[in-house]
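Accompanying notes for the structure given below.
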Amino acid sequence: FLFVSVLLNTEGCGACGPGFASPLDAMKGPREEILYVPCIYRNTGRKKPDFLATLDVNPRSPQYCQVIHRLPMPNLGDELHHSGWNACSSCFGDTTKKRNRLILPSLISTRIYVVDVGTDPRAPRLFKVINPEDVFWKCNLGYPHTSHCLGSGEVMISTLGDPAGNGKGGFILLDAETFEIKGNWEKGDNVPPMGYDFWYQPRHNVLISTEWGIPKCLGYGFNPNDLKKGRYGRRLNVWDWTTHTYIQAIDVGEDAAPLEIRFLHNPNAAEGFVGCTISSAIHRFYKTERGDWAAEKVIQVPSKKVEGWLLPDMPGFITDILISLDDRFLYFSNWLHGDIRQYDISNTRQPKLVGQVFVGGSISKGGPVTVCRDEELQSQPDPFVIKGKKVAGGPQMIQLSLDGKRLYVTTSLYSAWDKQFYPDLIRDGSVMLQLDVDTERGGLSVNENFLVDFGKEPDGPCLAHEIRYPGGDCTSDIWV
């Protein structure tokens, strides 16, 4: 069917405003046919601008698994990272709003690009550029990361630090039509020492943000000497949604580096999960009977004793997590160990491992790393090869289809860390894979017919990062 009709169906009923009425309604939405993926050239040695790739993922299309459009940014060295929408399911019911702009913050340059994906979804075009000086002067913030649309007709972007690269957890507020900077979302002088990702749940009057690290430290790579010096995050930061004030810090451990945070999709839910990268743990956070918030560790990925690596203990390095729209499964990627895992979270306090697949990583046989002691595996995994290509890097960003049956995976984390941990990734470029999901009993398997090889780009190999669908997905849409 025509893509126009897909978009109309994706918008619920064509006249209800953007998104879907509920997460379960979203699961009945149309199959994804194109994807948007930021592709990065920073730190690759190629003097090319980052670009937004449009991918065809319709199995019936002659262009299946191909990049069908590239939108280069007008500047070098931006480090496009995560993206968000001008409107999503938080605006469902407002017929004046359309999901037609993709917001692309640049992690390093602090530029924010607004891309028109509504006029021609298969060939996005640049709509507006917000210059870093405006962010610096109007918000005293820099290093923007996560973008979420709000039901109020605004766009909110979290940041890692201040303009000088010191840690500072704050938020930029944009008008969702003009994309003018309105100022800071947060109020008061009390702010967290670092920032990264965030999610909000208005029915519980809460927003919770996470902490990666101090930008000027992590910007050039991972230095083990920064550990134990307070340069990596350890808190979940709780905000009052109504007053925009910082009210509580939840400690999840020294150098934990809590990154992606996801509430359950049910807007009544008062709990969710966060992935801690360096400590390689999943914590469940929840509202207590007293009305404040707490966290408990529910999954620990054991480190492996190794030789031939940066440190004698190699963490899994959980870099991305997501929850299926029915709140039944939790997925996450171990970027260093090389596996993606699926957990049944029917009991949120006791997640149950039901699917696991290795698709790269640092511990495969024949590589420079020897595993000396492993609490989980009997032997090192085989190198991952698909369609004749040995995949460099490890599984990183993940995105699930609305119906929960397909999990898309890219392999680049952040160009400076890619260069350090996976030099072959810089040389060969990243890939996109697709895993088939058993949504009945649990289970993951690689779709051997699906491969997007970003090593074959016209301007040379590049680093593909986050994945978005035109009609929204389970990491961009929030129901209120």
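The values are calculated or read from the model by the stated rules, or taken from the named source; none is laboratory data. None of the values given here were measured: they were computed from a predicted structure. All Cβ positions, glycine included, derive from the backbone under ideal geometry; neighbour counts span all protein chains shown. To get the accessible areas, we keep the full protein, side chains included, count just its heavy atoms, and leave off ligands, DNA and RNA. Shrake-Rupley method; radii C 1.70, N 1.55, O 1.52, S 1.80 Å.
Results for (1) at pLDDT 95 or above; (2) not in a strand (DSSP E or B), shown as yes or no for each residue.
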| residue | (1), (2) |
| --- | --- |
| Val4 | no, yes |
| Leu8 | no, yes |
| Gly19 | no, yes |
| Arg70 | yes, no |
| Asp78 | yes, yes |
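What residue, among those in the stretch 28-65 that are polar (S, T, N, Q) and farther than 15 Å from Pro458 by Cα, is nearest to the chain's Cα centre (by Cα)?
It comes out as Asn43.
So, Val238, is that one more than 29 Å from Lys128 (Cα to Cα), aliphatic (A, V, I, L, M), modelled with pLDDT of 95 or more and out of contact with any Phe, Trp or Tyr (no Cβ under 6 Å at 6 or more places or on another chain) or not? Quick ask: steps written out before the conclusion?
On the way: more than 29 Å from Lys128 (Cα to Cα): yes; aliphatic (A, V, I, L, M): yes; modelled with pLDDT of 95 or more: yes; out of contact with any Phe, Trp or Tyr (no Cβ under 6 Å at 6 or more places or on another chain): no.
No; evaluated as a whole, the condition is false for this residue.
Does the stretch 183-206 contain any residue that is in contact with a helix residue (DSSP H, G or I) (Cβ under 7 Å, 6 or more places away or on another chain) and either open to solvent by 10 Å² or more (accessible area, probe 1.4 Å) or over 19 Å from Ile247 (Cβ atoms) (or both)? Among the residues of the stretch 183-206, at least one is in contact with a helix residue (DSSP H, G or I) (Cβ under 7 Å, 6 or more places away or on another chain) and either open to solvent by 10 Å² or more (accessible area, probe 1.4 Å) or over 19 Å from Ile247 (Cβ atoms) (or both), which makes the answer yes. In the set (1) touching a Ser or Thr at 6+ places or on another chain (Cβ under 6 Å); (2) surrounded by fewer than 18 Cβ atoms within 10 Å (Cβ to Cβ), the condition left unmet by Ala164 is number (1). Restricting attention to the stretch 445-476, the residues that are closer than 20 Å to Ala123 by Cα, in a loop (DSSP other than H, G, I, E, B) and among the small types (Gly, Ala, Ser) add up to 2. Checked against (1) in contact with a Ser or Thr (Cβ under 9 Å, 6 or more places away or on another chain); (2) open to solvent by less than 10 Å² (accessible area, probe 1.4 Å); (3) on the phi < 0 side of the Ramachandran plot, Glu307 meets all criteria but (2).
Can you name the residue in the stretch 140-154 that is open to solvent by 20 Å² or more (accessible area, probe 1.4 Å) and assigned to a loop (DSSP other than H, G, I, E, B) and is also nearest to Lys187 (Cα to Cα) among such residues?
Checking each candidate, the answer is Asn140.
For the stretch 411-428, a residue qualifies if it is over 19 Å from Phe358 (Cβ atoms), under 19 Å from the mean Cα position of the chain (by Cα) and either part of a loop (DSSP other than H, G, I, E, B) or among the polar types (S, T, N, Q) (or both), and the qualifying residues are Tyr414, Ser415.
Test Lys405 against the stated conditions and say whether it is over 16 Å from Phe454 (Cα atoms) and in contact with a strand residue (DSSP E or B) (Cβ under 6 Å, 6 or more places away or on another chain).
Yes.
Return the pairs, sorted by first residue and then second, in which the second residue is of a type in the set (Gly, Ala, Ser), the first residue lies in the stretch 377-388 and is closer than 12 Å to Val446 by Cβ, the beta carbons are less than 9 Å apart, and the residues are 6+ apart or on different chains. Partner pairs satisfying both residue conditions: Phe384/Gly338; Phe384/Gly360; Phe384/Gly361; Phe384/Ser364. Selection of the stretch 355-380 for residues being surrounded by 16 or more Cβ atoms within 10 Å (Cβ to Cβ) and more than 20 Å from the chain's Cα centre (by Cα) yields Gly355, Ser362, Ile363, Ser364, Val369, Val371, Asp374, Gln380.
Quick grid of which residues meet (1) of a type in the set (Gly, Ala, Ser); (2) out of contact with any helix residue (DSSP H, G or I) (no Cβ under 8 Å at 6 or more places or on another chain); (3) crowded, with 21+ Cβ neighbours inside 10 Å:
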residue	(1), (2), (3)
Asp251	no, yes, no
Glu260	no, yes, yes
Thr277	no, yes, yes
Ala281	yes, yes, yes
Ser333	yes, yes, yes
Ile340	no, yes, yes
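What number of residues within the stretch 313-329 are assigned to a strand (DSSP E or B) and without any contact (Cβ under 8 Å) to a residue 60 or more places away in the chain?
Quick first cut of the stretch 313-329, residues assigned to a strand (DSSP E or B) only: 313-314, 318-323, 329.
Imposing the further condition that a residue be without any contact (Cβ under 8 Å) to a residue 60 or more places away in the chain reduces the set to 313-314, 318.
Qualifying residue count for the region: 3.
Of the residues screened, Ser61 is not one that is of a type in the set (S, T, N, Q), in contact (Cβ under 8 Å) with a residue 40 or more places away in the chain, under 30 Å from Ile323 (Cβ atoms) and open to solvent by less than 30 Å² (accessible area, probe 1.4 Å). Taken residue by residue, the stretch 181-198 has at least one member that is in a strand (DSSP E or B) and hydrophobic (A, V, I, L, M, F, W, C). Residue-level check: of (1) out of contact with any strand residue (DSSP E or B) (no Cβ under 6 Å at 6 or more places or on another chain); (2) of a type in the set (D, E, K, R); (3) within 28 Å of His465 (Cα to Cα), Arg235 misses just (1).
Tell me, yes or no, whether the stretch 391-400 has at least one residue that is part of a loop (DSSP other than H, G, I, E, B) and open to solvent by 20 Å² or more (accessible area, probe 1.4 Å). There is no residue in the stretch 391-400 that is part of a loop (DSSP other than H, G, I, E, B) and open to solvent by 20 Å² or more (accessible area, probe 1.4 Å).
In the stretch 215-249, of all residues being closer than 23 Å to Gly316 by Cβ and of a type in the set (A, V, I, L, M), the one that is surrounded by the fewest Cβ atoms within 10 Å (Cβ to Cβ) corresponds to Leu227. Scanning the stretch 93-139 for residues that are in contact with a strand residue (DSSP E or B) (Cβ under 9 Å, 6 or more places away or on another chain), loosely packed, with under 15 Cβ neighbours inside 10 Å, in contact (Cβ under 8 Å) with a residue 40 or more places away in the chain and in a loop (DSSP other than H, G, I, E, B) gives Arg122, Ala123.
Looking at Lys405, Lys387, Lys419, which is the one that is open to solvent by 10 Å² or more (accessible area, probe 1.4 Å), in contact with a Leu (Cβ under 6 Å, 6 or more places away or on another chain) and not hydroxyl-bearing (Ser, Thr, Tyr)?
On the way: Lys405 fails: in contact with a Leu (Cβ under 6 Å, 6 or more places away or on another chain); Lys419 fails: in contact with a Leu (Cβ under 6 Å, 6 or more places away or on another chain).
Step by step, each of Lys405, Lys387, Lys419 is checked, and only Lys387 is open to solvent by 10 Å² or more (accessible area, probe 1.4 Å), in contact with a Leu (Cβ under 6 Å, 6 or more places away or on another chain) and not hydroxyl-bearing (Ser, Thr, Tyr).
A residue that is farther than 17 Å from Tyr331 by Cα and assigned to a strand (DSSP E or B) occurs nowhere in the stretch 277-285.
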